[in-house]
1. For the chain, what is the accessible area per residue in Å² when the probe is 1.4 Å?
2. Using 26 Å as the Cα-Cα cut-off, could you pick out the over-long pairs in K106/K154; K106/K131; K60/K106; K106/K182; K86/K154?
3. Work out the length of the dipole vector of the chain about its Cα centre, built from +1 on the beta-carbon of each Lys and Arg and -1 on the beta-carbon of each Asp and Glu, and round it to the nearest 20 debye.
4. Sorted by accessible area (1.4 Å probe), largest first, how do I150, I29, I22, I128 line up?
5. Round to a whole number: what % of the accessible area of the chain belongs to carbon and sulfur, probe 1.4 Å?
6. Roughly how tilted is helix 98-107, in degrees to the nearest 10 and between 0 and 90, from the longest Cα axis of the chain?
7. Identify which of V58, V159, V82 has the largest mean-square fluctuation in a Gaussian network model of the chain, with springs joining Cα atoms closer than 10 Å.
8. How much net charge surrounds K26 when only other residues with a Cβ under 11 Å from its Cβ are counted (Lys, Arg +1; Asp, Glu -1)?
Amino acid sequence: MRKFDTIVKREGKTIVMTTKRIKTSKQEIATFWQDRIESDAISITYKQATTHCWRCGVKKRLDRCHILADALGGEDTPGNFVLLCKHCHFDNPNISNMDVVWDWLKAYQLHEGETFWFQQGLREFHYIYGKTLDEELLTLGYNNRDTFEIAFQKQLQHVTHHFGQPRNNRATVAGAMKLALKSLTTKDEKHD
C-alpha cells in the first residue's frame, strides 16, 4: 500500500505520521450503496451519487469519507465510505458505531424544493427567534410561503458570504428570512 508521510512537531519532538492513501473509488462506493440504502436516507439520487454531496446535495468535488474512521479500525472498503463535500466531511460524526452516520445523514434529508442551506436557515431562524418560519407567517396572516419566497429572494440580493465559503451560512439565511418577514409586515398585501 502506498503511504504518505507527514512530519509534525509536537512539544519540541519531531513525529512522522503515516497516512494511507484511499484505494476505494467514488464509483465503487456509489455502486456498493446503490441497493443497500433506503431511498429516504440521503438527499440525492443514485445518478448524482458521485457528483453531489450525500448530506447537503451540493454538486461539488466529493471526499471519500470514512463511516468508521481509519483511526477507529475502519477499512478501505466501499461499505465503509460515504461521499461528502469538504464542509459536510468536517461535520461528519467520528464515532465507532456506523449506524450513527446513517442517522445523521437521514436527519438532514432534504424536502422537495428546499436546499440544504435553506433548511439550515429554518433551524437557525427557530433557534434565534423562538418560532418557526411557518408560525411567523401564520401570525402575519399568510397560509403559505409563496409571497414570503418572493420577499426572501429579494433579501438574498443584499447578503454576502464570508471569504472562502462557497455559500451563505445558516445565520445569514436566517437573517434574510427575518428581513423578508419584516418587509411583509410593511406591506398591505396579505394573500393566501
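The values are calculated or read from the model by the stated rules, or taken from the named source; none is laboratory data. What you are looking at is a predicted structure, and each value in this text was computed from that prediction instead of being measured. Here Cβ is always computed from backbone atoms with ideal geometry, including for glycine, and neighbour counts include all displayed protein chains. These area figures cover heavy atoms from the full protein model, side chains too; ligands, DNA and RNA do not enter into them. Shrake-Rupley method; radii C 1.70, N 1.55, O 1.52, S 1.80 Å.
1. Details: 12210 Å² over 192 residues.
Ligands and nucleic acids excluded, the result is 64 Å² per residue.
2. Details: K106/K154 31 Å; K106/K131 24 Å; K60/K106 20 Å; K106/K182 33 Å; K86/K154 29 Å.
The answer is K106/K154; K106/K182; K86/K154.
3. Details: 28 positive and 24 negative charges, 232 e Å.
About 1120 debye.
4. In descending accessible area the options line up as I150, I128, I22, I29.
5. Details: 6210 of 12210 Å².
In the chain, the share of accessible area belonging to carbon and sulfur is 51 percent.
6. Around 20 degrees separate the two axes.
7. It is V159.
8. On the way: positive: R61, R64; negative: E28, D63.
Every neighbour counted, the sum reads 0.
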